[in-house]
Every structure is written in structure tokens, then in C-alpha cells.
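Asks: Structure provided below as C-alpha cells; questions to follow.
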Amino acid sequence: MYTLGSDFIPSPNHAGGLRYHGMSSTLSELYDQKLMEARSVTQTKVFEAAEYFARVEGILPAPESSHAIRVAIDEALKCKETGEEKTIVFGLTGTGYFDMVAYEKFHDGKMSDYIPTDEELEAARAKLPKVE
């Protein structure tokens with residue numbers, strides 16, 4: 001599993017979902033075999049995509065799903081720009097009705113886009129046990 005260690009505590013970004021310290025073993029294996037890629041997006045862009053999706057599809061997505069929605073939108077815009085035809089698939093895994101406070105923070109401009117520094121990430125990696 002790709003991880004930053006169980007004692008890594010990320011910033012209190014809402015779009016981080018459960019703020020788990022690692023990636024599932026299945027996703028880790030798919031990533032390791034280069035069958036998928038990981039992308040990082042800021043939480044305000046995540047909520048922007050979630051709101052757009054809700055207006056178009058009538059479903060208020062959970063922030064966790066909205067990461068995938070953001071990347072799917074970005075990929076579609078890239079294809080539109082280049083003329084490439086592509087089938088884009090993403091997973092919608094939940095609704096955002098338990099996340100209304102976060103949506104309110106987004107609308108009120110009280111949501112920030114904190115990104116961990118390389119130093120913070122390296123400090124977390126340095127604490128990991130060495131696995132051969």
C-alpha cells in the first residue's frame with residue numbers, strides 16, 4: 001500500500017474525505033502496474049466541479065466522488081481542446097447531503113486550498129519503516 005504512515009495528519013481539508021493516510025491495496029497495485037494514474041486537485045476546484053455536476057445531473061455528489069468528477073471534467077476539456085475522442089469513466093460513490101456545511105463554506109469563500117509542502121511529505125516518509 002502507498003502510505004504516508006498512520007501518524008501522518010493532513011491539513012483539515014474537507015475534500016480529503018476520510019483523510020486516510022494511505023491508498024487501498026487494490027488502487028496501490030493498479031497504480032504500481034501503471035494501469036491507472038493519480039492526480040491531485042485542490043479542494044475548491046473539487047467543490048466547483050461538484051456544484052457543476054449537481055446543476056447538470058441533479059445529483060449532489062460527495063466530495064470524495066467529486067475528485068473524480070473534477071479530473072473527468074479536466075480530461076474532457078483537454079480532449080475538446082485537442083480534438084481527441086475518448087471515453088471517460090469515473091465512479092460516483094455517494095451523495096453530498098452529509099457535507100452541506102462544506103458546500104456552505106465553499107459558497108461563503110471560507111474554503112482554502114492548503115497543499116502539503118515537499119518538506120512535510122518527506123518528513124512523513126522518513127518515519128516509515130524500511131521494507132525490502
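Asks: Of K80/K105; K78/K110; K80/K110; K45/K78, which sit over 26 Å apart, Cα to Cα? List each step's numbers first, then the result.
Replies: On the way: K80/K105 31 Å; K78/K110 29 Å; K80/K110 32 Å; K45/K78 16 Å.
Over 26 Å apart, Cα to Cα: K80/K105; K78/K110; K80/K110.
Asks: Okay, moving on. List the residues of the stretch 46-68 whose backbone N lies under 13 Å from a point placed 7 Å from the Cα of H107 along the Cα-to-Cβ direction.
Replies: Residues 51-52, 55 fall inside that zone.
Asks: Below 13 angstrom from the Cβ of M111, what's the summed charge of the other residues (Lys, Arg +1; Asp, Glu -1)?
Replies: Once all neighbours under 13 Å are counted, the net charge is -3.
Any read-out appearing in this document is the output of simple, stated calculations on the displayed coordinates, not a laboratory observation. Just so we're clear, the structure is a prediction, and the values are computed from it rather than from any experiment. Note that we place each Cβ from the backbone using ideal geometry, even for glycine, and neighbour counts take in every protein chain shown.
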